[in-house]
Amino acid sequence: MNTQHKLRRFGALAAIVLAAQLTLTACSGSSTASQPGCTPKHDGVQTVSPGKLTIGVIDVPPLSSYNSGNPAGIDLSIVNKIAKDECLTPVYQQATFADAIQSISGGNIDVAVGGIDATAKRLKVVDFSASTYLDGLGLVSKTGAKTIADLEKMSKVGTVDGYMWVDDLKKILGDKLSTYPSSVELKSDFDAGRLDAALDGYAVQVQQFKGASGVSPALVNENPDPRVGATIHAPETAFPLTKNNTSLKKALDEGILAQHQDGTITKMLTEAGLSAGMGKVGDTQFIVPES
C-alpha cells in the first residue's frame, strides 16, 4: 500500500511538471524570444521563428544584395536596424521577385527586401510596411535632359515595357518611343547611339551608368509632368510582410518612420549616388492600382 501510494504521488508530480513544461513551451512560441539583456521597443512582436527575423533578400544593388550570404544594401540597413531595436536576430534567405511574396504568404519568411513596390495585387496576399522610398522614373541622355518636355525635342526615345509610364509616354511621343523587353537591351541601344534618351527605373540607371562619362541619370519625379501619372504618383517601395501580423507591421512602420525623420534613409540614398528626392514618400502610402 505504501509503495502504491508513493507511485501515485510520483505520477501526479510528473504530470504537474509535464503540464508546466508544455505551458512554458506554448508561451515561448507565441511571443518574441528576446536576446539576453535586450529590451525591445515593442513587446510581443510575432515572427516565423521566435527571436529571429527571417528576411528574403532580392538582388537589386544598391538597394539590396544577398552577396553570398553577407547581405548588404539600403534595404538591409533599414531592416537590420529595426531587428536590432526589437532584439531580433536577422536570418537571411536568397529570394527573387517571383518567389518572395509566395514565401511570405506560405510562412517561410517574415519580410522581403529589394525595392518591392506596394501594389493592390500584392496586398491581396501580404501586408506592406510604411514606404521606404520612391521607385522613381529615371532618364538618361547625352544632353542632360531632365523633363518629359525635353523628350519632345528628341527624335528617338526608349523605355522598358511594363512600367506605369509607358502608355502615357506613347500618347505624348508617339512613334518617337520604342519599348524594350529589359534594361539590358535598352542600355545597349542607348550606348550604341541608337537612342537620344532612355527611361528606366531610376535606381537601376544609377547602378548601370555609375562612372559613365557624360551621362548622369535624372529623377524625373523631381520635375513632375501632369501628363505622365508616374511622375506625380511614383510607386513607393516597402517591405512586404505576413498578412495580418499587426505586431510586426507596427514595429516596421515605426522603425521606418524614425529613420525618415532622423534623415537616415535620405543619407543612405545620397551615399549610394541616388537622389535625395527618392526619400520623399507621401504622408499616405500610394498603392499601385491593378491594371
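The values are calculated or read from the model by the stated rules, or taken from the named source; none is laboratory data. None of the values given here were measured: they were computed from a predicted structure. Every residue, glycine as well, gets a Cβ built from its backbone with ideal geometry; the counts of neighbours run over all protein chains shown. To get the accessible areas, we keep the full protein, side chains included, count just its heavy atoms, and leave off ligands, DNA and RNA. Shrake-Rupley method; radii C 1.70, N 1.55, O 1.52, S 1.80 Å.
Can you tell me which residue among S182, S188, S216 is within 29 Å of G73 (Cβ to Cβ) and in contact (Cβ under 8 Å) with a residue 60 or more places away in the chain? Give the steps one after another, and end with the answer.
Numbers: S182 fails: in contact (Cβ under 8 Å) with a residue 60 or more places away in the chain; S188 fails: in contact (Cβ under 8 Å) with a residue 60 or more places away in the chain.
From the options S182, S188, S216, the qualifying one is S216.
Quickly run through the stretch 102-113 and pick out the residues that are in contact with a helix residue (DSSP H, G or I) (Cβ under 6 Å, 6 or more places away or on another chain) and within 16 Å of S64 (Cα to Cα). Write out each step before concluding.
Of the residues in the stretch 102-113, the ones in contact with a helix residue (DSSP H, G or I) (Cβ under 6 Å, 6 or more places away or on another chain) are 109, 112-113.
Within the stretch 102-113, A112, V113 meet the criteria.
Can you pull out every residue in the stretch 151-172 that is without any contact (Cβ under 8 Å) to a residue 40 or more places away in the chain and either open to solvent by 10 Å² or more (accessible area, probe 1.4 Å) or out of contact with any strand residue (DSSP E or B) (no Cβ under 7 Å at 6 or more places or on another chain) (or both)? Outline the logic, then answer.
Let us first name the residues in the stretch 151-172 that are without any contact (Cβ under 8 Å) to a residue 40 or more places away in the chain, namely 152-153, 161-162, 166-167, 170.
The answer is E152, K153, D161, G162, D167, K170.
Please go through the stretch 150-184 and pick out each residue that is of a type in the set (D, E) and within 25 Å of the chain's Cα centre (by Cα). Spell out the reasoning first.
At the first step, the residues of the stretch 150-184 found to be of a type in the set (D, E) are 150, 152, 161, 167-168, 175.
Residue satisfying the conditions is D161 alone.
Output the residue which, of all residues in the stretch 132-148 that are of a type in the set (S, T, Y) and open to solvent by less than 10 Å² (accessible area, probe 1.4 Å), is farthest from P289 (Cα to Cα). Write out each step before concluding.
Taking the stretch 132-148 as the starting set, the residues that turn out to be of a type in the set (S, T, Y) are 132-133, 141, 143, 147.
Checking the rest, the ones that are also open to solvent by less than 10 Å² (accessible area, probe 1.4 Å) come to 132-133, 141.
Working: T132: 19, Y133: 18, S141: 30 Å.
Only one residue tops the list, namely S141.
What's the total number of residues in the stretch 230-265 that are small (G, A, S) and either farther than 20 Å from F128 by Cβ or open to solvent by 80 Å² or more (accessible area, probe 1.4 Å) (or both)?
At the first step, the residues of the stretch 230-265 found to be small (G, A, S) are 230, 234, 238, 247, 251, 255, 258, 263.
Still in the running and either farther than 20 Å from F128 by Cβ or open to solvent by 80 Å² or more (accessible area, probe 1.4 Å) (or both): 263.
The qualifying residues number 1.
More than 30 Å from G229 (Cα to Cα), in contact with a Gly (Cβ under 6 Å, 6 or more places away or on another chain) and either polar (S, T, N, Q) or without any contact (Cβ under 8 Å) to a residue 12 or more places away in the chain (or both): does that describe Q46?
Values: more than 30 Å from G229 (Cα to Cα): yes; in contact with a Gly (Cβ under 6 Å, 6 or more places away or on another chain): no; either polar (S, T, N, Q) or without any contact (Cβ under 8 Å) to a residue 12 or more places away in the chain (or both): yes.
So Q46 fails the test.
It is to be established whether one or more residues within the stretch 109-120 are surrounded by fewer than 21 Cβ atoms within 10 Å (Cβ to Cβ), closer than 26 Å to L274 by Cα, out of contact with any strand residue (DSSP E or B) (no Cβ under 6 Å at 6 or more places or on another chain) and not charged (D, E, K, R).
Looking through the stretch 109-120, none of the residues is surrounded by fewer than 21 Cβ atoms within 10 Å (Cβ to Cβ), closer than 26 Å to L274 by Cα, out of contact with any strand residue (DSSP E or B) (no Cβ under 6 Å at 6 or more places or on another chain) and not charged (D, E, K, R).
So, D200, is that one open to solvent by 20 Å² or more (accessible area, probe 1.4 Å), under 30 Å from D75 (Cα atoms) and within 25 Å of the chain's Cα centre (by Cα) or not? First the steps, then the outcome.
Working: open to solvent by 20 Å² or more (accessible area, probe 1.4 Å): no; under 30 Å from D75 (Cα atoms): yes; within 25 Å of the chain's Cα centre (by Cα): yes.
Taking the combined requirement at face value, the residue does not satisfy it.
Which condition does K121 not pass, out of (1) modelled with pLDDT under 95; (2) in contact with a helix residue (DSSP H, G or I) (Cβ under 9 Å, 6 or more places away or on another chain); (3) over 23 Å from D189 (Cβ atoms), if it passes all the others?
For K121, the failing item is (2).
Considering (1) under 20 Å from G73 (Cα atoms); (2) outside any loop (DSSP other than H, G, I, E, B); (3) open to solvent by 30 Å² or more (accessible area, probe 1.4 Å), say which one F97 fails and leave the rest.
All conditions pass for F97, except number (2).
Quick one: is K81 of a type in the set (K, R), in contact with a Ser or Thr (Cβ under 8 Å, 6 or more places away or on another chain) and either surrounded by fewer than 16 Cβ atoms within 10 Å (Cβ to Cβ) or assigned to a loop (DSSP other than H, G, I, E, B) (or both)? Write out each step before concluding.
Working: of a type in the set (K, R): yes; in contact with a Ser or Thr (Cβ under 8 Å, 6 or more places away or on another chain): yes; either surrounded by fewer than 16 Cβ atoms within 10 Å (Cβ to Cβ) or assigned to a loop (DSSP other than H, G, I, E, B) (or both): yes.
When the stated conditions are applied, K81 passes them.
On the basis of being open to solvent by 40 Å² or more (accessible area, probe 1.4 Å) and in contact with a helix residue (DSSP H, G or I) (Cβ under 6 Å, 6 or more places away or on another chain), does K187 make the cut?
Working: open to solvent by 40 Å² or more (accessible area, probe 1.4 Å): yes; in contact with a helix residue (DSSP H, G or I) (Cβ under 6 Å, 6 or more places away or on another chain): yes.
When the stated conditions are applied, K187 passes them.
Say we look at the stretch 173-195 and pick out the residues that are hydrophobic (A, V, I, L, M, F, W, C) and assigned to a helix (DSSP H, G or I); which of these is nearest to T147 (Cα to Cα)? Working first, answer last.
Applying the first criterion (hydrophobic (A, V, I, L, M, F, W, C)) to the stretch 173-195 yields 173, 177, 184, 186, 190, 192, 195.
Checking the rest, the ones that are also assigned to a helix (DSSP H, G or I) come to 173, 184, 186, 190.
On the way: L173: 13, V184: 23, L186: 19, F190: 18 Å.
Taking the candidates together, the pick is L173.
Within 25 Å of L241 (Cβ to Cβ) and at pLDDT below 95 - does that describe any residue in the stretch 8-27?
If we filter the stretch 8-27 for residues that are within 25 Å of L241 (Cβ to Cβ), which is where we start, we get 26-27.
When the remaining residues are screened for being at pLDDT below 95, the result is 26-27.
Scanning the stretch 8-27, I find at least one residue that is within 25 Å of L241 (Cβ to Cβ) and at pLDDT below 95, so the answer is yes.
Residue check, G44 against (1) part of a loop (DSSP other than H, G, I, E, B); (2) closer than 30 Å to Y163 by Cβ; (3) open to solvent by less than 50 Å² (accessible area, probe 1.4 Å), all met but one. Which one?
Here G44 meets the rest and fails (2).
Among the numbered criteria (1) open to solvent by less than 30 Å² (accessible area, probe 1.4 Å); (2) hydrophobic (A, V, I, L, M, F, W, C); (3) modelled with pLDDT of 95 or more, which one does A192 miss?
(1)
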